[in-house]
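The structure appears below as structure tokens.
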Amino acid sequence: MRLKQSIASLAVTGAVCAVSVLPVFAASNFKDAEKQFKTAAGEKGAGLSTNDNVEGKAASIIQTALSLLGVVFFILMVYGGFIWMTARGDETQAKKAKDIIIMATIGIIIILLSYAATYFVITQVFKAP
């Protein structure tokens, strides 16, 4: 019983110490935010995403699509893991979960390779004079 109390008090002390340094990080980000607000004052919008060229728009579209595919990959991995953990010795459920995880991993590898190929093509096309 004494060991549990010691561990609990140590965990609470560690959590309080970890939370107590958060204002330091907030203060450092505040100066950047204040500078950005002063820059954007009097202007229409903040001007953070001005992709006027084709390369910038293509990169933005690809980045958004890859973000969505990354979320799908994460959901499939969690789903496969959930099925695996709840299989309870059922071989068909375990195989189904394993197949989901393997296919999701193959899918993310294909996505990363396609991103690399697209990045290479876009940089080479727009790099040429």
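The values are calculated or read from the model by the stated rules, or taken from the named source; none is laboratory data. Keep in mind that this is a model prediction, so the values were computed, not measured. We place every Cβ from the backbone using ideal geometry, glycine too, and count neighbours over all the protein chains shown.
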Please go through (1) under 16 Å from S60 (Cα atoms); (2) under 26 Å from the mean Cα position of the chain (by Cα) for G107 and return the number of the only condition it doesn't satisfy. (1)
Residue set I83, I75; condition part of a helix (DSSP H, G or I), of a type in the set (V, I, T) and under 22 Å from the mean Cα position of the chain (by Cα); output residue I75
Restrict the check to region 70-80 and report whether at least one residue is at pLDDT below 90 and not acidic (D, E). yes
Could you tell me whether S20 is at pLDDT below 65 and loosely packed, with under 12 Cβ neighbours inside 10 Å? no
List pairs: first in region 105-116 and free of Cβ contacts under 8 Å to residues at least 40 places away in the same chain, second surrounded by 10 or more Cβ atoms within 10 Å (Cβ to Cβ), Cβ under 7 Å, 6+ apart or cross-chain? G107/F73; I108/F73
